[in-house]
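Quick notes on the structure that follows.
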Amino acid sequence: MSKVRVRFAPSPTGYVHVGNARTALFNWLFARHQGGINILRIEDTDAERSKPEYETQLVADLQWFGLDWDEGPDKGGPFAPYRQSERREIYAQHSQQLISQGDAYYCFCSPEQLEAEREEALKAGRQPRYSGRCRKIPPEEAARRKSAGEPSAVRLKIVESSFFWIDRVHGPTTISSEVIGDPILVRSEGLPAYNFAAVVDDHLMEITQVIRGDDHISNTPRQLALYRAFGWEPPEFAHLSTILGPDRTRLSKRHGATSIANFRAEGILPEALRNYLLLLGWSASDGKTEKLNTKEMIAQFSLDRITKSPAVFDRKKLDWLNGEYLFALPPNERREYFLKMVTGVLIQEGYLTEDELNRAGDFIGEILLVIIESKGKANLSDLARMIFEYDGRIVAARENTRLTLEDAAAKEILIDFIRQVIAQPELSFERFQEIMKFLGEKTGKKGKQLFHPIRIALTGEESGPELKKMIPIFEDGAQLLLKRHVKSCAGRLREFAAAAKLQL
């Protein structure tokens with residue numbers, strides 16, 4: 001049996017998101033478990049969207065994530081080059097081979113003709129697919145028109161009625177060729193299409209297993225048709241389940257952080273992120289272990305333990321795992337990590353300059369305390385926004401604020417609290433406790449009923465770190481940073497009261 005060879009083949013058109021990171025991890029674990037070869041291949045044939053800076057970021061993110069590769073653009077290897085933009089001659093040779101064999105043909109259809117076909121199919125309630133009109137052009141005529149400079153693409157002739165393969169995740173899978181049409185292999189501008197370049201590269205690089213997201217299932221028939229046309233043995237396919245957000249729609253930016261860069265900036269440890277992404281669609285051999293170190297991951301990893309059901313991304317579980325890894329660090333390392341994380345985010349987001357950070361030691365210490373006491377589960381990016389981006393008009397306009405102010409008791413608590421706070425130069429935590437005790441006795445309210453409206457007015461959020469921890473941050477931040485960046489409690493409440501039109 002040949003040695004296992006897998007590849008992670010991202011496009012440098014943006015940041016590495018959760019789905020790609022999990023795909024990279026599963027390929028890496030499979031290769032390491034099998035004692036095989038892991039390859040990084042850059043699929044940069046989309047010239048308009050591919051950028052060198054994205055490739056640089058991609059490599060840095062994967063390295064931070066704890067993955068390495070045996071062959072790739074930075075390492076070379078027996079099948080170099082490993083960037084598709086540097087392999088165009090290879091694709092040109094193979095497309096000509098298919099044309100010479102009669103398995104592919106030149107297509108001279110204009111974009112307007114193809115769009116008209118597509119609209120006609122949709123109106124008729126049919127799946128849009130290419131009609132195959134250029135198949136009928138005699139090869140000699142097609143070659144003449146091509147030589148004369150007429151724009152043309154190259155299409156593959158689909159001759160099968162259906163395509164069958166045994167997927168390592170989904171099991172026996174069949175897709176009818178009726179939904180495919182004759183796919184483009186090379187576009188009219190000379191660039192190879194994804195399916196064509198991927199098949200040529202996977203064969204020449206001797207890939208034995210293709211492990212990728214299940215959004216590629218529809219590409220598999222086209223690729224199998226290419227393997228048949230070339231007379232090549234296809235690799236095994238394993239299509240990983242979709243990752244969903246908490247609302248069970250496909251995970252996207254609207255669900256919050258979705259890229260390695262995001263999680264890295266928020267202070268998630270690479271060990272925690274690796275562990276968590278492993279659990280999205282895979283389970284340990286005993287079916288219950290959730291925390292695994294790298295050696296355990298490699299030892300236990302198997303494609304047979306991947307589930308085909310969609311995986312739901314649970315941020316709370318990631319934060320829990322992150323806390324477990326963080327608090328396994330020695331105290332000094334843990335504090336240094338948090339300090340680096342806090343200062344990094346504040347500078348990266350443009351909240352403070354390095355000079356301002358150096359002058360705000362106590363203020364940074366208070367933010368650190370919140371992070372440490374929450375066991376790292378406090379989201380630093382959200383916390384930073386809460387501290388630095390307060391806008392009373394925005395807070396007053398929110399739906400949760402409106403509902404709070406419609407409650408007479410909550411409104412009364414809020415007005416009394418604001419009156420007392422703005423009447424004094426500074427709100428110490430001791431004074432805050434005195435005011436809350438007074439309001440509790442006056443209204444008979446306690447717990448959430450007492451604190452909820454005040455939290456909303458001060459922070460703009462319905463939940464978060466305890467107010468006793470946030471109040472010193474607001475007050476000290478306003479003093480230490482000369483109120484340029486942070487608004488005091490009184491400043492926040494004046495803004496809020498004006499925007500909400502409260503009669504004080």
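The values are calculated or read from the model by the stated rules, or taken from the named source; none is laboratory data. Since the model is a prediction, treat every value here as computed from it, not as a measurement. Heads up, the Cβs are rebuilt from the backbone with ideal geometry, glycines too, and the neighbour counts pull from every protein chain shown.
All of S241, S252 fail the test of being hydroxyl-bearing (S, T, Y) and either assigned by TED's automatic domain parsing to the domain that holds Y194 or touching a strand residue (DSSP E or B) at 6+ places or on another chain (Cβ under 7 Å) (or both), apart from S241.
Among residues of segment 433-457 that are under 12 Å from T404 (Cα atoms), those with a Cβ under 6 angstrom from a residue that is in a helix (DSSP H, G or I) and among the polar types (S, T, N, Q), sequence gap 6+ or separate chain, pair up as P453/T404; I456/T401; I456/T404.
Restricted to segment 345-443, the set of helices (runs of 4 or more DSSP H) holding at least 2 residues that are among the aliphatic types (A, V, I, L, M) comprises 361-373, 380-388, 392-397, 399-405, 408-422, 429-443.
In the set S283, S309, S259, only one residue is polar (S, T, N, Q) and free of Cβ contacts under 8 Å to residues at least 60 places away in the same chain; that residue is S283.
Looking across segment 39-70, just one residue is crowded, with 16+ Cβ neighbours inside 10 Å, without any contact (Cβ under 8 Å) to a residue 40 or more places away in the chain and of a type outside the set (S, T, Y), and that is V59. Output yes when any residue across segment 7-27 is touching a residue at least 24 places away in the same chain (Cβ under 8 Å), out of contact with any Lys or Arg (no Cβ under 8 Å at 6 or more places or on another chain), closer than 22 Å to H203 by Cβ and not aliphatic (A, V, I, L, M), and no when none is. Yes, segment 7-27 contains at least one residue that is touching a residue at least 24 places away in the same chain (Cβ under 8 Å), out of contact with any Lys or Arg (no Cβ under 8 Å at 6 or more places or on another chain), closer than 22 Å to H203 by Cβ and not aliphatic (A, V, I, L, M). Only strands (runs of 3 or more DSSP E) whose full extent lies in segment 156-195 are considered here, and the ones with at least 2 residues that are crowded, with 17+ Cβ neighbours inside 10 Å are 162-167, 184-186.
Among the residues of segment 299-331, those that are in a loop (DSSP other than H, G, I, E, B) and over 23 Å from the mean Cα position of the chain (by Cα) comprise S302, F327, A328, L329, P330.
For segment 320-349, the set of residues classified as within 19 Å of G361 (Cβ to Cβ) and of a type in the set (S, T, N, Q) consists of N332, T343, listed by residue number. Sort out which residues of segment 439-484 are charged (D, E, K, R), under 13 Å from E366 (Cβ atoms) and under 32 Å from the mean Cα position of the chain (by Cα), and write them in order of number. E466, K469, listed by residue number. Tell me yes or no: at least one residue of segment 373-388 is farther than 25 Å from L269 by Cβ and surrounded by 14 or more Cβ atoms within 10 Å (Cβ to Cβ). No, the conditions are met nowhere in segment 373-388.
Considering R144, R135, the condition of being surrounded by 11 or more Cβ atoms within 10 Å (Cβ to Cβ), more than 38 Å from the chain's Cα centre (by Cα) and over 20 Å from A193 (Cα atoms) is satisfied by R144 alone.
Return yes or no: is E296 part of a loop (DSSP other than H, G, I, E, B) and modelled with pLDDT of 90 or more? So E296 does not fit the description; no. Of all the criteria given as (1) out of contact with any helix residue (DSSP H, G or I) (no Cβ under 9 Å at 6 or more places or on another chain); (2) assigned to a helix (DSSP H, G or I); (3) closer than 19 Å to A198 by Cβ, the one not satisfied by R49 is (2).
Filter segment 71-126 down to residues that are among the acidic types (D, E), within 34 Å of the chain's Cα centre (by Cα), surrounded by 13 or more Cβ atoms within 10 Å (Cβ to Cβ) and over 30 Å from E206 (Cα atoms), then give me how many there are. Of the residues in that region, 0 qualify. Selection of segment 110-148 for residues being modelled with pLDDT under 95 and in a loop (DSSP other than H, G, I, E, B) yields S110, A124, G125, R126, Q127, P128, R129, Y130, S131, G132.
Has segment 98-107 got any residue that is out of contact with any helix residue (DSSP H, G or I) (no Cβ under 7 Å at 6 or more places or on another chain), free of Cβ contacts under 8 Å to residues at least 24 places away in the same chain and polar (S, T, N, Q)? Yes: one or more hits. Summed over segment 26-38, the residues that are surrounded by 24 or more Cβ atoms within 10 Å (Cβ to Cβ) and hydrophobic (A, V, I, L, M, F, W, C) give a count of 4. Just to be sure before I move on: is R431 surrounded by fewer than 19 Cβ atoms within 10 Å (Cβ to Cβ), of a type outside the set (A, V, I, L, M, F, W, C) and over 19 Å from K501 (Cβ atoms) in the structure I sent? So R431 fits the description; yes. If I filter segment 16-51 down to residues being under 18 Å from the mean Cα position of the chain (by Cα) and small (G, A, S), which single residue comes out as farthest from G76 (Cα to Cα)? Only one residue fits best here, namely G19.
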